[in-house]
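**Student:** Please see the structure below; I have some questions.
The values are calculated or read from the model by the stated rules, or taken from the named source; none is laboratory data. Owing to the predicted nature of the structure, the values given are computational and were not obtained by experimental measurement. When we count neighbours, we look across all protein chains shown, and the Cβ atoms used for this are built from the backbone with ideal geometry, even at glycine.
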Amino acid sequence: MTVPSALLSHRSDEHLTPRFILDAVIDCLGGIDLDPCSNSRCCPNVPAARHFIREDDGLSQPWDGRVFLNPPFGRDVDRWFLKLAGEYCAGRTSAAVVLWKSATETKAWQVLTGVSCQVCFPSHRIDFEGPGNISGSTFSPALFYLGRDRGRFLLAFEGIGQIWDVPGGCRRVHR
């Protein structure tokens, strides 16, 4: 299933994550080892130990450790989520938080909920920064958690919105 054109109304696929979301991600994960969709290597929006920019082709790189994923919001977004699911199931990604849309009809949503333990539905739309956000957010966001510490995700994100457990989620076999 492709992403409906109504969800692609921005002029750019780059949506820089607001600081309050990044603070919650850091609280949840204890730090960020990798931002696989970084806006910049020299002045990144996400405070991660490693950044892959567009020229690095993050989809072809290993994703080790704690990952924060705010992917390019384009028609092929499900490729990023399939990559994350594979890295998480293989054990390279130890935990992750993903910022995406509440687009339940898409393949991307189905992939994310297949591997996520919990989802936070913010109580309001998120105003992103960047070239594609002239008039603010045009969609309802969701933050997905892949990991073992549900309590930590709950504590980090409960002030942002409702937290739902994903039935059948977190299909990674934990050793």
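**Student:** Which numbered condition trips up HIS51, out of (1) within 13 Å of LEU143 (Cα to Cα); (2) modelled with pLDDT of 90 or more?
**Tutor:** Every condition holds for HIS51 apart from (1).
**Student:** On the phi > 0 side of the Ramachandran plot and either touching a residue at least 12 places away in the same chain (Cβ under 8 Å) or within 13 Å of the chain's Cα centre (by Cα) (or both): does that describe GLY74?
**Tutor:** Spelling it out, it is not the case that GLY74 is on the phi > 0 side of the Ramachandran plot and either touching a residue at least 12 places away in the same chain (Cβ under 8 Å) or within 13 Å of the chain's Cα centre (by Cα) (or both).
**Student:** Of the residues ARG125, ARG150, which single one is more than 15 Å from the chain's Cα centre (by Cα) and modelled with pLDDT of 90 or more?
**Tutor:** Just one listed residue meets the conditions, ARG150.
**Student:** Would you call ALA95 at pLDDT 95 or above, closer than 13 Å to PHE144 by Cα, assigned to a helix (DSSP H, G or I) and among the small types (Gly, Ala, Ser)?
**Tutor:** When the stated conditions are applied, ALA95 does not pass them.
**Student:** Among (1) of a type in the set (Gly, Ala, Ser); (2) surrounded by fewer than 22 Cβ atoms within 10 Å (Cβ to Cβ); (3) under 15 Å from the mean Cα position of the chain (by Cα), where does ALA96 come up short?
**Tutor:** The single condition ALA96 does not satisfy is (2).
**Student:** Go through the stretch 15-53 and give me each residue that's more than 27 Å from GLU158 (Cβ to Cβ) and touching a Pro at 6+ places or on another chain (Cβ under 8 Å).
**Tutor:** Within the stretch 15-53, SER38, HIS51, PHE52 qualify.
**Student:** Select from the stretch 35-88 the residues that are under 19 Å from TRP100 (Cα atoms) and basic (Lys, Arg) and list them in ascending order.
**Tutor:** ARG54, ARG66, ARG75, ARG79, LYS83 - these are the residues of the stretch 35-88 that are under 19 Å from TRP100 (Cα atoms) and basic (Lys, Arg).
**Student:** TRP109 fails exactly one of the following numbered conditions: (1) surrounded by 15 or more Cβ atoms within 10 Å (Cβ to Cβ); (2) out of contact with any helix residue (DSSP H, G or I) (no Cβ under 7 Å at 6 or more places or on another chain); (3) under 23 Å from ILE26 (Cβ atoms). What is the number of that condition?
**Tutor:** Result: TRP109 fails condition (3) only.
**Student:** Which one is surrounded by the most Cβ atoms within 10 Å (Cβ to Cβ) among residues in the stretch 37-55 that are under 19 Å from PHE73 (Cβ atoms) and touching a His at 6+ places or on another chain (Cβ under 8 Å)?
**Tutor:** Going through the qualifying residues, I end up with SER38.
**Student:** Inside the stretch 4-36, can you point out the residues that are surrounded by 20 or more Cβ atoms within 10 Å (Cβ to Cβ), part of a loop (DSSP other than H, G, I, E, B) and at pLDDT 90 or above?
**Tutor:** ILE32, PRO36
**Student:** Still on this structure: What number of residues within the stretch 98-125 satisfy the criterion of being under 20 Å from PHE157 (Cα atoms) and not in a loop (DSSP other than H, G, I, E, B)?
**Tutor:** Going through the stretch 98-125 one residue at a time, the tally reaches 13.
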